[in-house]
Amino acid sequence: MFTNISWGNYTVVVVLLLASWYLFVGLRFYFAEIKGIVTGKRKLQFRGARGEFDAASDPDLRYLDFEINTEESESAASDTIFQEVDGLVKQLKNVISDAIQRKLIKQEFEDDMRLALAAYPLLRDSPYRSSVDELIVTECERQGAVLLTQQEVRALWNEKI
């Protein structure tokens with residue numbers, strides 16, 4: 001019965017079965033990792049004989065480790081800044097609508113705006129400051145509140161409380 005099967009045919013069948021088994025296991029349990037590597041969003045990480053690679057012994061790996069840590073820290077910093085911007089925008093819109101309801105004079109309105117801006121010191125020197133300034137000017141115009149110019153808004157950032 002087994003004399004009709006040659007070693008070559010046996011080897012081909014075993015290799016195909018093993019390949020299909022590892023393909024199934026890889027796709028079933030590691031699909032996200034494989035997709036990240038194929039699309040280029042994730043890099044392959046090889047492990048040495050002792051487990052993890054030693055970044056301190058190889059300067060190229062040290063640079064790779066620094067690059068990954070830098071990207072993670074930049075991502076965390078940008079998330080923090082976006083949260084700050086979002087919080088400031090909400091607070092500024094509340095201040096402007098409150099000023100309309102209370103019919104504040106310009107000095108009182110500027111004081112409220114100065115307090116709102118002072119609560120977000122991280123944004124004082126951020127690249128989003130000009131966008132926040134533009135938002136203040138356009139919201140004041142749109143809602144019919146006290147009109148402020150770009151120079152007056154810049155002065156509100158710089159003045160001490």
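The values are calculated or read from the model by the stated rules, or taken from the named source; none is laboratory data. Keep in mind that this is a model prediction, so the values were computed, not measured. No Cβ is skipped: glycine too gets one built from the backbone with ideal geometry, and neighbour counts run over all protein chains shown.
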Practice prompt. Tell me, please, whether a residue that is on the phi > 0 side of the Ramachandran plot and either modelled with pLDDT under 75 or not in a helix (DSSP H, G or I) (or both) can be found in the range 52-64.
Written response: no
Discussion item. Suppose the filter is more than 23 Å from the chain's Cα centre (by Cα) and not in a loop (DSSP other than H, G, I, E, B); does GLY26 pass it?
Written reply: yes
Response to the item:
How many residues of the range 13-39 are among the basic types (Lys, Arg) and surrounded by 10 or more Cβ atoms within 10 Å (Cβ to Cβ)? The answer is 1
Discussion item. Take the conditions of a type in the set (Phe, Trp, Tyr) and at pLDDT below 80 and apply them to PHE29. Does it pass?
Written reply: no
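Look through the range 109-151, keep the residues that are acidic (Asp, Glu) and buried (at least 17 other Cβ atoms within 10 Å of the Cβ), and return whichever of them is farthest from GLU84 (Cα to Cα). Give the derivation first.
As a first pass, look at the range 109-151 and keep what is acidic (Asp, Glu): 110-112, 125, 133-134, 139, 141.
Cutting the leftovers down to buried (at least 17 other Cβ atoms within 10 Å of the Cβ) gives us 110, 112, 133, 139.
Numbers: GLU110: 21, ASP112: 18, ASP133: 15, GLU139: 19 Å.
Within the range 109-151, the match that is farthest from GLU84 (Cα to Cα) is GLU110.
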Discussion item. When the residues of the range 1-12 are narrowed to those that are of a type in the set (A, V, I, L, M, F, W, C) and part of a helix (DSSP H, G or I), which ends up surrounded by the most Cβ atoms within 10 Å (Cβ to Cβ)?
Written reply: VAL12
